[in-house]
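What follows is a set of notes on a single structure, which appears directly below.
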Amino acid sequence: MIPLELLGFLHLGIVDVLDIVVVAAVIYVVFRWLKGSSAMNILIAILALLAIRFVAAALNMKLLSSLLDAVINVGAIALIVIFQPEIRQFLSRIGRRRGGWLDRLLGRKGDDLGAQAAKEIAQACRDMAENRTGALIVILHKNSLQDVIESGDRIDAQVSSRLLENIFFKDSPLHDGAVIIGGGRIIAARCTLPITDSKIPAKYGMRHKSAVGISERSDADVIVISEQRGTISFVRDGEISPVAGMNELKLMLEPRKEQEKQ
């Protein structure tokens, strides 16, 4: 059995205990953050490597410690590349949840969809769901998503149920992709969205994966209409919520501040 002296646990002060608690909390948060993603196996391998490095240092195994130090130092740069999507998603979520005072300081205001635009969107979604017409509608707030808009075709038109239904009509040249709506206007159509790396139920298709992907990297809300099942889903912050009817969808489309008051 390895004596505790070798592991350095004989003399623990308040700072040492606090250090252990903070590290444990960080590991827990990282595990929750990466749960269900493809990066989880990589994280487990990294933690195992660090544990071996810790034991090697405690046992004064100089050659193994030096080798592991070299691997860890080089690997730190590789980790930034490997976890780039997860890091961006994590920082984006922190910014959305904690950046309210900064938005006010910088004068950033979220786009208000407006009651009439919400009504038109809800009407179009109901009609398309009844006709089994697939659709993907992204509603902007504070993040402009300029790169996503540039991937499609500019429209800049007032939101109307007829226009949305015509865009997603299966023979329309604009139906393949997402419609971007901001400030109560249809900004662009046929836009390409990033696909999520998170695991979602098998019943959801590529439209839902794209909706989750864009909602993970921005504060946009997304409406998805399934062509196969004729159902409506509402996606926010990477979470998919089934929509029962027009009234429920209108409530979901209300500004976030109004929802927080309720």
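None of the figures in this text is laboratory data; all of them are computed from the coordinates on show. Here the structure is a predicted model, which is why all the values come from computation and not from measurement. Virtual Cβ from ideal backbone geometry, glycine too; neighbours counted across all protein chains shown.
See the values below:
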item	result
FRET efficiency for residue 170 and residue 21, using Cβ-Cβ distance with R0 set to 41 Å, rounded to 0.05	0.10
Additional length obtainable on full extension of the chain from residue 74 to residue 45, 0.36 nm per residue less Cα span	8.9 nm
Sorted by Cβ density within 10 Å, fewest first, the residues 204, 28	28, 204
Lysine pairs in the range 115-254 with Cα atoms under 26 Å, if 8 or more residues apart or on separate chains	12
Net lengthening on full extension, residue 52/residue 254 (0.36 nm per residue, minus Cα-Cα)	67.5 nm
Over the range 129-262, equivalent-ellipsoid semi-axes from the Cα gyration tensor in Å	19, 18, 16
